[in-house]
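Undergrad: Here it is: the structure, laid out below.
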Amino acid sequence: ADDLRQAARSLRQAPGFTLAAVVLLALGIGAATALFGPLDSLVLSPLPFPQANRLVRVGGVPMPYRWASPRLRQALKPVFSHIAQFRWSSGNAPHAFGPALRTTDVTPGFFRTVGVAPQMGRDFRRADSFTAGVIVSDAVWRPRLHAQSNLSSAFLRVGFATVPVAGVMPPSFNFPAGTQVWELKPDGEGFRDSAPVIARLKPGLSLAAALVRLRTIAKAQHVQEGPITLQPLHDYLLGDRRPLLWMLWAVAVLFLLLASAGVANLFLVRGIRRQPEVALRLALGGGRARLMRQQLAEALLLALAGAALGIGLAVSAGAALRAALPAALGRTAFAPQPALAPSLGLVVALALAAAIACGSWPAWRAARTDAGAYLKPSGSGLGPAPSGLRRLASRELLVAGQLALALALLIGSALLAPSGPARLA
């Protein structure tokens, strides 16, 4: 506690140094935290659906309406509990009643396949026709329909038609990303062969066993149209974008290391200016361990202040990232949700790592100061002590390290440029 109070007083006496160090660390911690949210929700965490490991994308099979006969549905029961198809619409034209709504066409069973039911109203049924209406997102239900609880009298203008509203999805449901209205297409009428087909595997059935059974059924029923494939839905949505997200976060961590090296450089410069004070304290019997603790305490306070400011920067950038990443990863991707608990734990870990990275070397160099050599008069008066010269050399090494990190950061950014949103859309 005494070391922290002394460190706080010392930092208040150097406002320029404190502000520069806090801003550098805030930029590094904020960038790493902002990119960790999408990395955690898109790569490290499963899809936000019940038993998401059973969701697969089916390739090489006809569209669901060709599987709609009772005989085929009976044959598929040992493999899939539900199967559906969806098609992202280009959006309805804006009109006098409001802006365009982003619509996704779905087949019956789409919501049962992903395992999420409407929070209000009803799901689509196989017997429904085009007049069954639409299911809307919570973001449309509240402003457009004024959050009315009686959906029997709820109607929505979609394009140039007014259609009944059958149900409202929970606020957390956002698949495909950005969808505001889900419109029923009975038996996938009008779908192209490229529209994704998704299915839910039977409990306890592995992907390999399901693929063998599916190929056997397709061959027996004479419905195969190409090589049949089964792919986890999580892998289908991200594809080869996982390395991109890992690289983005690695670049952010590299930037944090660069910022920590910059703060360490500032500490060394400040240590050279405080050389007479340190030498005098050592000459008066001050402990070297106490000097190290105070240096580390200063670094810790700066890192915590930078982490607090970095959280604000990460929150500000989070909304923009959640809006931009689904568009960059493909329109079928789900929007990343903020992961507050992991992010807060990450912020604490980054702050401690930054404190150690930017304070350890300066603290060690300060504790090795030779007070006698510094206070000894030289041939032309008092000159810089050998320890001061060594500290200047340490500063040069840190500058070289910063340049190396900056070069690595530049090369990493250049490698990421070909994988930007233009290539991913």
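The values are calculated or read from the model by the stated rules, or taken from the named source; none is laboratory data. Keep in mind that this is a model prediction, so the values were computed, not measured. Here the Cβ is made from the backbone with ideal geometry for all residues, glycine too, and neighbour counts use every protein chain on show. What goes into the accessible areas is simple: the full protein's heavy atoms, side chains included, and nothing from ligands, DNA or RNA. Shrake-Rupley method; radii C 1.70, N 1.55, O 1.52, S 1.80 Å.
Undergrad: Kindly establish whether SER137 is small (Gly, Ala, Ser) and buried (at least 18 other Cβ atoms within 10 Å of the Cβ).
TA: Taking the combined requirement at face value, the residue satisfies it.
Undergrad: Same structure, new question: Filter the range 223-243 down to residues that are open to solvent by 70 Å² or more (accessible area, probe 1.4 Å) and over 13 Å from GLY60 (Cα atoms) and give me whichever is modelled with the highest pLDDT.
TA: Out of the qualifying residues, it is PRO243.
Undergrad: While we're on this one: Return the residues of the range 19-55 that are open to solvent by 30 Å² or more (accessible area, probe 1.4 Å) and either among the basic types (Lys, Arg) or farther than 30 Å from SER206 by Cβ (or both); say none if nothing qualifies.
TA: Correct list: LEU19, ALA20, VAL23, LEU24, LEU27, ALA31, LEU35, ARG54.
Undergrad: Within the range 356-373, does at least one residue satisfy the condition of being surrounded by 18 or more Cβ atoms within 10 Å (Cβ to Cβ), among the β-branched types (Val, Ile, Thr), modelled with pLDDT of 80 or more and within 23 Å of ALA31 (Cβ to Cβ)?
TA: no
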